[in-house]
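Data block below; observations after.
The values are calculated or read from the model by the stated rules, or taken from the named source; none is laboratory data. Note that the coordinates shown come from a computational prediction; the quantities given were computed from them, not determined experimentally. So basically every Cβ, Gly included, is an ideal-geometry build from the backbone, and we count neighbours across all protein chains shown.
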Amino acid sequence: MVKLKIAVVHNKTEHTLQITAELLEKLVAAGHTIDQRNPELVISVGGDGTLLSAFHLYSHKLDQVRFIGVHTGHLGFYTDWRDYELDDLIELLSTRKDESVSYPLLDVRITYRNGKPTKHFLSLNESIVKRTDSTMVADIYIRDELFERFRGDGLSVSTPTGSTAYNKSIGGAVLHPRINAIQLAEIASLNNRVFRTLGSPMVIASHEWIELRMQDSAECLVTVDQFQLQQEEIKSIFYRIAEEKIQFASYRHTHFWRRVRDAFIGEIEE
């Protein structure tokens, strides 16, 4: 029998709390150890937002942990198990040594004008840069070469798994997570006889990087996944594919395009 050290991360809805209590009881009964500090496996109970929170809680241990999502609501992109399948999940945890499937992450580094230390983040989905009061102006460098001067509401940089989130809503492409690349998408860019940008999403290869050099960052808002960073005088933001990857336990891993179809299209009658 396989015995694992398992951490459980959950949201606070009444139904999720009931499912979490049931899951914890079943895991202990099966001989697994609940270890929130040094787990081998992290089980997220809730939705995609809960799994994002779990990822950030254990982002410093990505070489040691795998993730599983149990969904207590509608079908999500990061959740392979439903709340009524706990017995099946625990049976596989207890009887099978499983492999993992890995997905790319976004490396985010923010440099400030006031001399503060550079901040470093990992993102599973995306990072968004916006101005809240007026047009954002930023020079976009690709692999240290100036590509364009952007003027508009903002920019989104996403991972392949994040391509189905905010990126898709602003006209970005959906990328399969086996594509080791990041995507840059514009948010309401200004394009006229005076100001001009490419106006299309760009897919950046793993050996390249993006740097946004802000022309005026007094009211610049930056997010990393669901977290909003404190507004400060930002000089530049550097993006590239991270060396780290997230590992999902593949006891039962739903095909990516099936996730996309189920989320955006639904059942198709043949």
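At-a-glance table
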| item | result |
| --- | --- |
| The stretch 139-166: number of residues that are within 24 Å of the chain's Cα centre (by Cα) and among the hydrophobic types (A, V, I, L, M, F, W, C) | 5 |
| Verdict on Phe77 being touching a Lys or Arg at 6+ places or on another chain (Cβ under 6 Å) and not assigned by TED's automatic domain parsing to the domain that holds Val222 | yes |
| Subset of the stretch 47-65 (residues that are in contact (Cβ under 8 Å) with a residue 60 or more places away in the chain and assigned to a loop (DSSP other than H, G, I, E, B)) | Leu62, Asp63, Val65 |
| Qualifying residues in the stretch 53-96 (those that are under 16 Å from Thr13 (Cβ atoms) and of a type in the set (A, V, I, L, M, F, W, C)) - the one modelled with the lowest pLDDT | Val70 |
| Pairs with Cβ under 6 Å, 6+ apart, first in the stretch 1-17 and closer than 17 Å to His71 by Cα, second of a type in the set (Ser, Thr, Tyr) and in a loop (DSSP other than H, G, I, E, B) | His15/Thr72; Thr16/Thr72 |
| Strands (runs of 3 or more DSSP E) contained entirely in the stretch 155-270, each with at least 3 residues that are modelled with pLDDT of 90 or more and of a type in the set (Val, Ile, Thr) | 220-224, 234-249 |
| Scope the stretch 99-118; condition in contact (Cβ under 8 Å) with a residue 60 or more places away in the chain and either farther than 27 Å from Glu243 by Cβ or surrounded by fewer than 17 Cβ atoms within 10 Å (Cβ to Cβ) (or both); matching residues | Glu99, Ser100, Val101, Ser102, Arg109, Tyr112, Arg113, Asn114, Lys116 |
| The stretch 204-234: number of residues that are within 21 Å of the chain's Cα centre (by Cα) and either farther than 28 Å from Ser53 by Cβ or charged (D, E, K, R) (or both) | 5 |
| The stretch 181-237, residues that are acidic (Asp, Glu) and either closer than 12 Å to Met136 by Cβ or surrounded by fewer than 18 Cβ atoms within 10 Å (Cβ to Cβ) (or both) | Glu186, Glu208, Asp216, Glu219, Glu232, Glu233 |
| Residue in the stretch 246-268 that is among the hydrophobic types (A, V, I, L, M, F, W, C), under 18 Å from the mean Cα position of the chain (by Cα), under 30 Å from Leu146 (Cβ atoms) and surrounded by fewer than 18 Cβ atoms within 10 Å (Cβ to Cβ) present | no |
| Residue within the stretch 27-41 that is closer than 23 Å to Leu124 by Cα and in a strand (DSSP E or B) present | yes |
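Every residue, every condition in (1) closer than 13 Å to Ile90 by Cα; (2) of a type in the set (Phe, Trp, Tyr); (3) surrounded by fewer than 21 Cβ atoms within 10 Å (Cβ to Cβ), yes or no:
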site: Gly31; (1), (2), (3): yes, no, yes
site: Arg37; (1), (2), (3): no, no, yes
site: Thr50; (1), (2), (3): no, no, no
site: Ala54; (1), (2), (3): no, no, no
